1. Go through (1) away from the ligand (no atom under 13 Å from the Cβ); (2) at pLDDT 80 or above; (3) closer than 17 Å to residue 271 by Cα and name the single condition residue 185 misses.
2. Looking at region 94-107, can you tell me whether even one residue there is buried (at least 24 other Cβ atoms within 10 Å of the Cβ), within 16 Å of the ligand (Cβ to nearest atom) and either assigned to a helix (DSSP H, G or I) or at pLDDT below 90 (or both)?
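The values are calculated or read from the model by the stated rules, or taken from the named source; none is laboratory data. Predicted, not measured: the structure shown is a model, and the values here were computed from it. Note that we place each Cβ from the backbone using ideal geometry, even for glycine, and neighbour counts take in every protein chain shown. Just so you know, the surface numbers come from the protein's heavy atoms only, side chains and all, with ligands and any DNA or RNA stripped out. Shrake-Rupley method; radii C 1.70, N 1.55, O 1.52, S 1.80 Å.
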Amino acid sequence: MRLGDRQSSNVEDRRGVRFRGAGGIGIGTIVLALVAMYFGQDPTVVLQNAQQNADEPQQGPYRESAAEAESRKLVSAVLADTEEAWGQIFSSNGRTYEQPKLVLFSGAVESACGMAQAAVGPFYCPGDHQVYIDLSFYDELRSRFGAPGDFAQAYVIAHEVGHHVQTLLGISDKTQAARSRASQVESNRISVRQELQADCFAGIWAHNANQSRGVLPTGDLALEAGDIEEGLNAASAIGDDRLQKQSGGYVSPESFTHGSSEQRVRWFKRGFESGLVESCDTFSAREL
Ligand SMILES: [Zn+2]
């Protein structure tokens, strides 16, 4: 995949921050809550006040590996891409796009949504409008899936930014309200639509990146349908595996609220092909 030249100035590096007592009681529960959040379930859940775990966090020097440096550049370039894409879309609708910050962390991080452990994978916190990622998530993508991981890495960021856009457009609030009134089954259905829309929004990033950089070289990952599928599957598979691991295998399939990988690919492609927000109306779609 060919990356853009510009690096975003909205990346905040909090790697090397250590929390005293971060291994204490309740971390397992917090991890679960955040995993649930990553999978689209009740993102406002805060199970424990971060203060309890995080008195006086200290930041030591962090030495990144060559692979991490590469991932950091990718993340930053993709974030810059999304700023461009969404900046244009918002301004053409007479609005200003508020760029999200992206926080790199190692091990654990404090967010407005609570303490997160690296194991939860990347997530977006609507409470502080920030995307969080521990780049070790990418080591796993890379080592397990090789080259397609490149596209999967980019997609993961574009998807989280998709949640940010949903927040700015008031969609997240609406779905949250609808879910709080709904049955568990209905709530999961709404969540799937929200997740698939974030996938479609990720497709809009790819559409825009493709356009602004002209025709990408033949064989480019982002252009090959098979690779898109592989990338999305890789990202979802890792999420699912981690979820299983963290929960000791307890989580039931119903709580996997991202939609099937087939649906995810379909909605990603919609955004990718059209580049239009209107094409991402998963909430009115009769069929997903
Ligand atoms: Zn999501």
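1. In the conditions (1) away from the ligand (no atom under 13 Å from the Cβ); (2) at pLDDT 80 or above; (3) closer than 17 Å to residue 271 by Cα, residue 185 misses (3) alone.
2. Kept after step one, since they are buried (at least 24 other Cβ atoms within 10 Å of the Cβ), are these residues of region 94-107: 100, 102.
Applying the additional criterion that residues be within 16 Å of the ligand (Cβ to nearest atom) yields 100, 102.
From what is left, the residues that are either assigned to a helix (DSSP H, G or I) or at pLDDT below 90 (or both) are none.
Within region 94-107, none of the residues are buried (at least 24 other Cβ atoms within 10 Å of the Cβ), within 16 Å of the ligand (Cβ to nearest atom) and either assigned to a helix (DSSP H, G or I) or at pLDDT below 90 (or both).
One line per residue, one yes/no per condition, for (1) more than 20 Å from residue 57 (Cα to Cα); (2) aliphatic (A, V, I, L, M); (3) within 13 Å of the chain's Cα centre (by Cα):
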{"position": "69", "(1), (2), (3)": "yes, yes, no"}
{"position": "81", "(1), (2), (3)": "yes, no, no"}
{"position": "86", "(1), (2), (3)": "yes, no, no"}
{"position": "129", "(1), (2), (3)": "yes, no, yes"}
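This table checks each residue for (1) within 16 Å of the ligand (Cβ to nearest atom); (2) polar (S, T, N, Q); (3) open to solvent by less than 60 Å² (accessible area, probe 1.4 Å); (4) at pLDDT 85 or above.
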| residue | (1), (2), (3), (4) |
| --- | --- |
| 45 | yes, no, yes, no |
| 53 | no, yes, yes, no |
| 61 | no, no, no, no |
| 68 | no, no, yes, yes |
| 74 | no, no, yes, yes |
| 78 | yes, no, yes, yes |
